[in-house]
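Below is one structure; the comments refer to it alone.
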């Protein structure tokens with residue numbers, strides 16, 4: 001394993017993040033505050049509790065998942081797309097690095113950035129609501145797995161995208177709606193039976209349900225199924241990336 005090469009990629013990506021640290025820090029704080037004002041105050045005035053949990057606290061796991069997923073995808077996709085755009089990806093491919101070492105460098109940096117944002121949102125949320133975490137270790141595990149798995153998805157999108165418009169297409173039109181419809185701000189038990197069944201086909205439901213269980217010891221789907229879903233998604237992304245590097249699809253003319 002070429003740890004020096006991995007560190008070079010990781011360090012370069014993290015330096016790009018630290019150059020805009022103030023923006024990266026302020027943006028999630030403002031966004032989280034606005035969500036609490038809109039959802040916590042406006043809707044919370046009509047929905048006092050959800051399954052025994054105050055609505056303001058109930059939406060915290062959904063807020064964290066929303067930000068972590070979008071940030072992981074955005075950072076990973078831009079990180080690998082920009083070398084493609086300026087042509088330096090060929091230098092990367094000719095370096096003594098295999099596909100796994102390249103992935104660890106880029107995905108590790110994107111997951112670290114998303115983890116930072118998720119931590120900032122958790123701290124900000126604690127200023128608005130009394131936040132209790134029933135299973136701290138499980139919360140960390142779900143957060144790390146989500147950061148890594150969606151950073152892998154972002155890496156795939158960065159390899160696939162042919163322009164900056166395509167880079168934003170899937171996150172805006174597919175991922176964000178799935179997160180909003182995946183129980184971020186409500187429990188799927190509040191839906192009619194038919195819609196509950198349809199919602200179970202949304203993979204994001206399993207992530208948010210497992211993460212919410214870590215906070216409140218309550219879940220819409222079994223926790224084991226949530227872990228199985230995120231584990232399978234991670235392996236699928238790794239398999240797709242391996243195939244891309246093996247065939248050179250979207251990497252070589």
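Couple of notes before you dig in:
- The sole residue among 152, 145 that is part of a helix (DSSP H, G or I), at pLDDT 95 or above and within 21 Å of residue 226 (Cβ to Cβ) is 152.
- In this entry, residue 242 is excluded by the filter for residues that are part of a helix (DSSP H, G or I) and either at pLDDT 95 or above or surrounded by 18 or more Cβ atoms within 10 Å (Cβ to Cβ) (or both).
- Residues satisfying the stated conditions in the stretch 174-189, i.e. outside any helix (DSSP H, G or I) and in contact with a helix residue (DSSP H, G or I) (Cβ under 6 Å, 6 or more places away or on another chain): 182, 183, 184, 185
- Test: residue 198 is within 25 Å of residue 129 (Cβ to Cβ) and in a helix (DSSP H, G or I): no
- Across the stretch 16-48, the number of residues qualifying as part of a helix (DSSP H, G or I) and either under 13 Å from residue 120 (Cα atoms) or at pLDDT below 70 (or both) comes to 17.
- Tally, over the stretch 197-218, of residues that are out of contact with any strand residue (DSSP E or B) (no Cβ under 6 Å at 6 or more places or on another chain) and surrounded by 19 or more Cβ atoms within 10 Å (Cβ to Cβ): 12
- Given (1) touching a residue at least 60 places away in the same chain (Cβ under 8 Å); (2) closer than 29 Å to residue 173 by Cα, number of the condition residue 35 does not satisfy: (1)
The values are calculated or read from the model by the stated rules, or taken from the named source; none is laboratory data. Fair warning: this is a prediction, and the values are worked out from it, not measured in the lab. Methodologically, a virtual Cβ is constructed for each residue, glycine included, from the backbone with ideal geometry; neighbour enumeration extends over all protein chains shown.
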